[in-house]
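K.L.:
Have a look at this one before I ask anything.
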Amino acid sequence: MRIQLAATGEGFKAPSAKDFNLPPFIDGVAFATKPILLAFLSVVLISVFFIAASRKAAIVPSRLQFAGESVYSFVREGLAKDIIGHEFLRFVPYLFTLFTFILVNNWFGIIPLLQFPTMSRVSFPYVLAAITFFVFHYVGIRKQGPVKYIKEIMFMPGVPKAVYILLTPIELATFFIVRPLTLSLRLFANMFAGHLLLLVFFLGGEYLLMGAMGLKIVSPFAFLVGIALTFFEFMIQILQAYIFTLLTALYIAGALADEH
Amino acid sequence: MTNFSYAAGEELNPLIPHTAEIIAGAVAFGLLYLVIRSKVFPMFEKAFAARTEAIQGGIEKAERAQQEAQAALESYTKQLADARGEAQTIREDARAQGVAIVEEMRAKAQEEAARITAAAQATIEAERQQAITSLRNEVGALATELASKIVGEALDDHVRQTRIVDRFLEDLEKSKN
């Protein structure tokens, strides 16, 4: 639609937030949207891959099992074990699900034909951050009891009493507002901005190609930058999945620790 | 939350969540969690545990083999030492036996020598006696003959003859002394 506009010479319309509002492809069915479909597609892909990889559980792994195990042990050893410590094992399924789910949905942003990062729809990061929020508070309350847990958050031990006037609101805000909010917004904003950036360069390049002769010459540069940014996005997508999982592990570790 | 229906490309605040997406996101994530919790996690952990066990089993096996080799070495060393000791004993026994045998032989040889010497001496003595007797008889006969010739008197009587010879010999021995 926009390309048509460009071709008919109505001028270039820069991509904006409204490009993320994809309408349902079946009229009136709110769940029949691209991001929702992608989220479920990721569930199918991840499940199929890791069930196939782990099915045999051989001591000497096949190539497929080795690939699956590499990702699994990256989360298990690098995130869960190193950060949470001796109680890490029961959090491995959650952290692993979190990492793979975010990673694959992020990758959808650059996978040809799909090309839409699910996490650029803020609802998904909100859901994930909310789950992490409940998980780490639940773990802390189970471990230390509700009173002691809240008390340790509000009154950090080893601090002069007067400082609590300042510290208690900050700590409460950190634990109940800042953490879930930053966790979700960081992921959302990165994916949103990344996708927008790619749109600008590819749609811009396309528009230039349709334009006058002078503009046609510049067009390949826009595409080149777009391709370079795609590689850059690839790394950011991995990084964001890693950071989300890392922070979740840190919050769980903090809730499990006796003193914050 | 926005309502379910919105037009394509409608300008919306991107920070406001969408109800359908929240439900879908939670369901999708929950589904994936269940799959990983029930299928992937136990199998990977099983593989990890099996691998750890295999490695530990290998280490234990190697340790056991080493202990066995050590025990065998000790046993061999001990056997060797025993054998050496035994050889030493045998050698000493042999030496002692050799010494005993030599001693015995020497004793026997000496005895034999003594016996031979004694026998020889006895023979010599007997022969001497015999020679003395025969010499005495011969000398007696000669002397008698000589004397009878000289004296002209036949001393036929044997007893007398003997007496004369004995006297003669005694005189002879006396004069020798």
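The values are calculated or read from the model by the stated rules, or taken from the named source; none is laboratory data. Keep in mind that this is a model prediction, so the values were computed, not measured. Please note: Cβ atoms are built from the backbone with ideal geometry, for glycine as well, and neighbour counts cover all protein chains shown. The protein model used for the area step is the full one, side chains on, heavy atoms only, and it has no ligands, DNA or RNA in it. Shrake-Rupley method; radii C 1.70, N 1.55, O 1.52, S 1.80 Å.
K.L.:
Inside segment B:155-170, can you point out the residues that are at pLDDT 75 or above, open to solvent by 100 Å² or more (accessible area, probe 1.4 Å) and acidic (Asp, Glu)?
P.N.:
The answer is B:Glu170, and nothing else.
K.L.:
Just wondering, is there one or more residues in segment A:78-88 that are more than 15 Å from the chain's Cα centre (by Cα) and facing chain B (nearest Cβ under 10 Å)?
P.N.:
So the first thing to find is which residues in segment A:78-88 are more than 15 Å from the chain's Cα centre (by Cα), and the list is A:78-88.
Applying the additional criterion that residues be facing chain B (nearest Cβ under 10 Å) yields none.
No, that holds for no residue.
K.L.:
Follow-up. Among the residues of segment A:43-63, write down those that are facing another protein chain (nearest Cβ under 7 Å), assigned to a helix (DSSP H, G or I) and crowded, with 17+ Cβ neighbours inside 10 Å.
P.N.:
Answer for segment A:43-63, where residues must be facing another protein chain (nearest Cβ under 7 Å), assigned to a helix (DSSP H, G or I) and crowded, with 17+ Cβ neighbours inside 10 Å: A:Val43, A:Ile46, A:Ser47, A:Phe50, A:Ser54.
K.L.:
From the set of residues in segment A:195-241 that are small (Gly, Ala, Ser) and part of a helix (DSSP H, G or I), which is nearest to A:Phe96 (Cα to Cα)?
P.N.:
Step one: filter segment A:195-241 for residues small (Gly, Ala, Ser), giving A:204-205, A:211-212, A:214, A:219, A:222, A:226, A:228, A:241.
Pick out the ones that are also part of a helix (DSSP H, G or I) and you get A:204-205, A:214, A:219, A:222, A:226, A:228, A:241.
Working: A:Gly204: 38, A:Gly205: 38, A:Gly214: 51, A:Ser219: 42, A:Ala222: 37, A:Gly226: 31, A:Ala228: 29, A:Ala241: 11 Å.
Going through the qualifying residues, I end up with A:Ala241.
K.L.:
Taking the options A:Phe176, A:Phe244, A:Phe192, name whichever one is of a type in the set (Phe, Trp, Tyr), part of a helix (DSSP H, G or I) and open to solvent by 40 Å² or more (accessible area, probe 1.4 Å).
P.N.:
Values: A:Phe244 fails: open to solvent by 40 Å² or more (accessible area, probe 1.4 Å); A:Phe192 fails: open to solvent by 40 Å² or more (accessible area, probe 1.4 Å).
Just a single option satisfies the conditions, and that option is A:Phe176.
K.L.:
Considering only residues that are aliphatic (A, V, I, L, M) and within 30 Å of A:Ile59 (Cα to Cα), which ones fall in segment B:51-102? Please lay out each step first, then the result.
P.N.:
Let us first name the residues in segment B:51-102 that are aliphatic (A, V, I, L, M), namely B:54-55, B:59, B:62, B:65, B:69, B:71-73, B:80-81, B:83, B:87, B:90, B:94, B:96, B:99-102.
Listed by number, the residues that qualify are B:Ala54, B:Ile55, B:Ile59, B:Ala62, B:Ala65, B:Ala69.
K.L.:
When both residues are 6+ apart or on different chains and their Cβ atoms are under 6 Å apart, which pairs have a first residue that lies in segment A:169-192 and is among the aromatic types (Phe, Trp, Tyr), and a second that is crowded, with 21+ Cβ neighbours inside 10 Å and in a helix (DSSP H, G or I)?
P.N.:
Cβ pairs passing all conditions: A:Phe188/A:Pro125; A:Phe192/A:Ser120.
K.L.:
Quick check on my filter: what residues within segment B:24-35 are buried (at least 16 other Cβ atoms within 10 Å of the Cβ) and more than 7 Å from chain A (Cβ to nearest Cβ)?
P.N.:
Result: B:Val27, single match.
K.L.:
Of all the residues that make up segment A:100-131, how many are touching a helix residue (DSSP H, G or I) at 6+ places or on another chain (Cβ under 6 Å) and open to solvent by less than 10 Å² (accessible area, probe 1.4 Å)?
P.N.:
Of the residues in segment A:100-131, the ones touching a helix residue (DSSP H, G or I) at 6+ places or on another chain (Cβ under 6 Å) are A:100-110, A:116-127, A:129.
Narrowing the set further to residues that are open to solvent by less than 10 Å² (accessible area, probe 1.4 Å) leaves A:100-102, A:105-106, A:108-109, A:116-120, A:122-125, A:129.
Of the residues in that region, 17 qualify.
K.L.:
Identify, from the list B:Glu112, B:Glu21, B:Glu10, the residue that is modelled with pLDDT under 95, outside any helix (DSSP H, G or I) and either among the charged types (D, E, K, R) or surrounded by fewer than 10 Cβ atoms within 10 Å (Cβ to Cβ) (or both). Talk me through it step by step, then tell me what you get.
P.N.:
On the way: B:Glu112 fails: outside any helix (DSSP H, G or I); B:Glu21 fails: outside any helix (DSSP H, G or I).
On inspection, the qualifying residue turns out to be B:Glu10.
K.L.:
Considering A:Phe201, A:Phe234, which residue is surrounded by fewer than 18 Cβ atoms within 10 Å (Cβ to Cβ), aromatic (Phe, Trp, Tyr) and out of contact with any strand residue (DSSP E or B) (no Cβ under 8 Å at 6 or more places or on another chain)?
P.N.:
Details: A:Phe201 fails: surrounded by fewer than 18 Cβ atoms within 10 Å (Cβ to Cβ).
Step by step, each of A:Phe201, A:Phe234 is checked, and only A:Phe234 is surrounded by fewer than 18 Cβ atoms within 10 Å (Cβ to Cβ), aromatic (Phe, Trp, Tyr) and out of contact with any strand residue (DSSP E or B) (no Cβ under 8 Å at 6 or more places or on another chain).
K.L.:
A further question follows. A:Met156 is checked against (1) surrounded by 18 or more Cβ atoms within 10 Å (Cβ to Cβ); (2) in contact (Cβ under 8 Å) with a residue 40 or more places away in the chain and fails just one. What number does that condition carry?
P.N.:
(1)
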